[in-house]
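**Student:** Handing you this structure, nothing more for now.
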Amino acid sequence: MSLAQEKDPLATYAEITWCPGCGNFGILTALKRVLKERSAELNRLVLVSGIGCHGKIVDYVAINSFYSLHGRVLPVAWGIKMARPELSVVGHAGDGDAYGEGIAHLIFAAKRNLDLTFIVHNNSVYGLTTGQFTPTSPKGFKGRSTPKGSPESPINPLELMLSSGATFVARGYAGRPQHLAQLIAEALNHRGFAFIDVLQPCYTFFNTYDFYNRHVREIGPEHDPSDFEAAWHLARRWSYTYEAEEIPIGIFYRTEKPLYEEAVRVPEKEPDLSGHLARYHL
Ligand code: SF4
């Protein structure tokens, strides 16, 4: 065991190569905080990541994990869950992964209420490939592929998830890891598809810390997360533009629905072999 692992049993031998100041550090801190509280369950937890800066998180946590393909976090996570239903499976994806290449998987995971937790590291930029616009980049975003500014408006992932049928919809901020840890713990406790969009500044290519620090507000007890209309209204309060608006973070919506595997389960019954047996005079 290395010195780092003696200090932190969840540490790995991998050198952390995120840029100093990257919002992924806040997500890693929050995740480890939750995992340390669940040390007895760690052998029943699996992390799955996609491709992008976020994906390295599976290298930095000493539990079972799977590094998947771009946009394919959810099919891999669901495959693991189908094969081993007793496991808790947590998918990590970037905003390009989740809302670009993998958007159909995301909609159907929510629609079907797959029993998974899905954490999106949303920095509104492709950081690993040095700064191209993504589905949540603001209109006018100037990057490598849009030097004159993106003409597209960003999608609002919370609206997308609410309208697709997700049973747990939350937003966190990497700059508030303690609050984010509470959201991750609640998501892991949820039975069904638990979705967290995490505002994760990319320090190098789209540094949004200052804006988020000024505008993020934790949702208070006056919000009833079982009220879909209230959740919808709250989700529309900020449309992923970078203008002066209040940005709610916390649990927007939580409800219960049958799991996909319950809905498709074939009832067990004894096979009827009478015709077969008669044919062979048994
Ligand atoms: Fe983080 Fe951006 Fe650096 Fe990637 S490029 S490690 S997202 S700061």
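**Student:** Please list, ordered by chain and number, the residues whose modelled amide H lies under 5 Å from the amide H of Gly91; skip anything fewer than 5 residues away on the same chain.
**Tutor:** Distant-sequence amide H within range of Gly91: Val48, Thr117, Phe118, Ile119.
**Student:** Then there's this: Between His223 and Asn189, what is the label-point separation in nm under the 7 Å Cα-to-beta-carbon projection?
**Tutor:** Label-label distance for Asn189 and His223, simple model: 1.8 nm.
**Student:** Right, another one. Taking the alpha-carbon centroid of each part, what is the distance from segment 9-60 to segment 205-243 in angstrom?
**Tutor:** The two parts, judged by their Cα centres, are 25 Å apart.
**Student:** For Lys148, which lysines qualify as cross-link partners when the Cα separation must be under 23 Å and same-chain residues fewer than eight apart are set aside?
**Tutor:** Counting by Cα, and skipping residues close in sequence, Lys148 has these lysines nearby: Lys139.
**Student:** Is there a quick way to get the dipole size of the chain? I mean about its Cα centre, with the Cβ of Lys and Arg at +1 and of Asp and Glu at -1; what is the value in debye to the nearest 20? Mind dumping the intermediate values first?
**Tutor:** Values: 28 positive and 30 negative charges, 98 e Å.
Charge dipole, the chain, about its Cα centre: 480 debye, nearest 20.
**Student:** In nm, give the distance between the simple-model label positions of Met82 and His233, each being 7 Å from the Cα along the Cα-to-Cβ direction.
**Tutor:** It works out to 4.1 nm between the two label points.
**Student:** Report, in degrees rounded to the nearest 10, the 0 to 90 angle that the Cα long axis of helix 24-37 makes with the longest principal axis of the chain.
**Tutor:** 40
**Student:** By how many nm would the segment from Lys139 to Leu69 lengthen if fully extended, with 0.36 nm per residue of separation less the alpha-carbon distance?
**Tutor:** Details: separation 70, 0.36 × 70 = 25.20 nm, distance 2.78 nm.
Gain on stretching Lys139 to Leu69: 22.4 nm.
**Student:** If you don't mind, another one. Net charge within 12 Å of Ala98 by Cβ-Cβ distance, Lys/Arg positive one each and Asp/Glu negative one each, not counting Ala98 itself? Write out the running numbers ahead of the final one.
**Tutor:** Values: positive: Arg72; negative: Asp95, Asp97, Glu101, Asp197.
So the environment of Ala98 carries a net charge of -3.
**Student:** For the ranges 83-92, 165-174, what's the packing order if you count other beta-carbon atoms within 10 Å of each residue, average per peptide, and put the highest first?
**Tutor:** On the way: 83-92: 18.5, 165-174: 25.7.
Listed from highest to lowest mean packing, they are 165-174, 83-92.
**Student:** Moving on. Would you work out if segment 121-169 is rounded, prolate or oblate? Take a ≥ b ≥ c from the square roots of the eigenvalues of the alpha-carbon gyration tensor; rounded if a/c is under 1.5, else prolate when a/b is larger than b/c, oblate otherwise. Numbers along the way, then the final one.
**Tutor:** On the way: a/c = 4.48, a/b = 2.03, b/c = 2.21.
In terms of gyration-tensor shape, oblate.
**Student:** Taking all protein chains in place and a 1.4 Å probe, what share, in percent, of the accessible surface of segment 15-279 do carbon and sulfur account for? Provide the component values of the computation, followed by the final result.
**Tutor:** On the way: 6540 of 12430 Å².
Its accessible area is 53 percent carbon and sulfur atoms.
**Student:** Right, something else. Could you give the length gained on full extension between Arg44 and Glu262, defined as 0.36 nm per residue of separation minus the Cα-Cα distance, in nm? Present the calculation step by step, with values, prior to reporting the outcome.
**Tutor:** On the way: separation 218, 0.36 × 218 = 78.48 nm, distance 2.09 nm.
Gain on stretching Arg44 to Glu262: 76.4 nm.
**Student:** Amide H neighbours of Ser65 under 5 Å, counting only residues 5+ apart in sequence or on other chains, H built in-plane at 1.01 Å?
**Tutor:** Placed amide hydrogens put Leu47 under 5 Å from Ser65.
**Student:** With an 8 Å Cα cut-off and a minimum separation of 6 or more residues, compute the relative contact order for the chain in percent. Provide the component values of the computation, followed by the final result.
**Tutor:** Working: 560 pairs, mean separation 48.7, N = 282.
Answer for the chain is 17 percent.
**Student:** On to the next question. Express as a percent, rounded to the nearest 5, the fraction of DSSP beta bridges in the chain (both residues included) that run antiparallel.
**Tutor:** Working: 6 of 34 bridges.
Just about 20 percent of them are antiparallel.
**Student:** What is the Cα radius of gyration of the chain over 2.2 N^0.38 Å, N being its residue count?
**Tutor:** On the way: Rg = 20.8 Å, N = 282, 2.2 N^0.38 = 18.8 Å.
Dividing the Cα radius of gyration by 2.2 N^0.38 Å gives 1.11.
**Student:** Could you name the lysines in cross-link range of Lys81, using Cα to Cα under 20 Å and dropping any fewer than eight places away on the same chain?
**Tutor:** Lys81 reaches Lys111, Lys257.
**Student:** Taking θ as phi - 60°, what are the ³J(HN,Hα) couplings along segment 102-107 by the Karplus curve (6.51, -1.76, 1.60), each to the nearest whole Hz, with x for Gly and Pro?
**Tutor:** 3J(HN,Hα) across segment 102-107, in whole Hz: x, 5, 5, 4, 5, 4.
**Student:** Next question, about the same structure. Would you mind getting the accessible area per residue of the chain, heavy atoms of the protein chains only, 1.4 Å probe, in Å²? Can you show the working numbers first?
**Tutor:** Numbers: 13970 Å² over 282 residues.
That works out to 50 Å² for each residue.
The values are calculated or read from the model by the stated rules, or taken from the named source; none is laboratory data. No experiment lies behind these values; they were computed from the predicted model shown. Here the Cβ is made from the backbone with ideal geometry for all residues, glycine too, and neighbour counts use every protein chain on show. All accessible areas refer to the heavy atoms of the entire protein, side chains included, with ligands and DNA or RNA removed. Shrake-Rupley method; radii C 1.70, N 1.55, O 1.52, S 1.80 Å.
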